[in-house]
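Student: The structure that follows is given in the form of structure tokens.
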Amino acid sequence: MTVADIYVRAGRYVARCPWLFLAVVAAEMVQHAIEYRAGFYDGIAAMKAAEGDVLRMAMGHVKVLLLFATTYWALRFLAAGDDPAAPTRRDPRAMALYVPVMLWGVFWLLVVQDGPILARAMNVPARPLGIGLLVVILASTAFEVTLSAWKVSAATGDGGVGFRRSIRMTRGHYAWSLGMTIAAMLPAMVLHYALAFAALGRGPMATWTVLLGDSLLVGYMAPVMAAAVFAVAQRVGGEARSADAHLTRAGART
């Protein structure tokens, strides 16, 4: 898969699984509504003052968990040849195998989102905290690409690739895998943050227009992230192809 393929197949997921796509869009809109109520978009200073809003943080956790679920749905969609029935097809084995993947994601969610709050409560200086958080985010992102085959194997119910095997499989393809992931995600991430700043200090209509666009973008970014994971899994060992066969067999049994 190329970067263009990633974006195209993520678009197919949006088109063929609209309710799953709109669930993420709705969660992002709810978070934006909470931020708007807290004055988050009044300006740079207001954004910094409201970034620790409890309700905002709580909704952020809900949204990220939904993004984790979207990865599960989208990986199943992609592995089944863009079959819109695959994401929500009942597969107890796949759901059980994906629980550790979800728990891994929750661990990093707590580290990245809740860790800084705890550190500030312990009076950790802002500069070391910011540097430490940046290092953690970069390190976790760099490591996360090595787990792509594990995630695909779990989401499809194949189970042939575990945590450590996935890392070993990626060793000879690491530079390509990291480059592909960055190339796929960076443009969307830059646009996401640009829209956040574009919403600052505007009237209600202009602000909500930008926030709606951003919510639609986040809804699209979720399957883009999953498609990047799928692309890496294909590269490092063909796990996605064997998972495709497994999903086809699972669909025949239902």
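The values are calculated or read from the model by the stated rules, or taken from the named source; none is laboratory data. Here the structure is a predicted model, which is why all the values come from computation and not from measurement. Every residue, glycine among them, receives a Cβ derived from its backbone with ideal geometry; neighbour counts consider all protein chains shown. Heads up: the accessible areas ignore ligands, DNA and RNA and are worked out on the full protein's heavy atoms, side chains in. Shrake-Rupley method; radii C 1.70, N 1.55, O 1.52, S 1.80 Å.
So that you can scan it fast, the table gives a plain yes or no per residue for (1) without any contact (Cβ under 8 Å) to a residue 40 or more places away in the chain; (2) among the hydrophobic types (A, V, I, L, M, F, W, C); (3) in contact with a helix residue (DSSP H, G or I) (Cβ under 7 Å, 6 or more places away or on another chain); (4) not in a helix (DSSP H, G or I):
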residue: Val136; (1), (2), (3), (4): yes, yes, yes, no
residue: Leu147; (1), (2), (3), (4): no, yes, yes, no
residue: Trp150; (1), (2), (3), (4): no, yes, yes, no
residue: Ser153; (1), (2), (3), (4): no, no, yes, no
residue: Val161; (1), (2), (3), (4): no, yes, yes, yes
residue: Arg164; (1), (2), (3), (4): yes, no, no, no
residue: Ile167; (1), (2), (3), (4): yes, yes, yes, no
residue: Thr170; (1), (2), (3), (4): no, no, yes, no
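Student: Which ones in the range 93-118 are farther than 15 Å from Arg76 by Cα, more than 18 Å from the chain's Cα centre (by Cα) and open to solvent by less than 40 Å² (accessible area, probe 1.4 Å)?
Tutor: Gly115, Pro116
Student: So, of the residues in the range 64-96 that are touching a Ser or Thr at 6+ places or on another chain (Cβ under 9 Å) and assigned to a helix (DSSP H, G or I), which turns out to be farthest from Val232 (Cα to Cα)?
Tutor: Selected residue: Ala94.
Student: Right, another one. When you check Arg37 against the structure, is it without any contact (Cβ under 8 Å) to a residue 40 or more places away in the chain, within 27 Å of Ala206 (Cβ to Cβ) and open to solvent by 30 Å² or more (accessible area, probe 1.4 Å), yes or no? Lay out the reasoning, then the answer.
Tutor: Working: without any contact (Cβ under 8 Å) to a residue 40 or more places away in the chain: yes; within 27 Å of Ala206 (Cβ to Cβ): yes; open to solvent by 30 Å² or more (accessible area, probe 1.4 Å): yes.
In short, yes.
Student: For Glu51, which of the numbered conditions (1) open to solvent by less than 50 Å² (accessible area, probe 1.4 Å); (2) within 16 Å of Phe197 (Cβ to Cβ) fails to hold?
Tutor: (1)
Student: Now a separate question. Would you mind stating whether Val99 is in a helix (DSSP H, G or I) and free of Cβ contacts under 8 Å to residues at least 12 places away in the same chain? Step through it out loud before you land on a result.
Tutor: Details: in a helix (DSSP H, G or I): yes; free of Cβ contacts under 8 Å to residues at least 12 places away in the same chain: yes.
Answer is yes for this residue.
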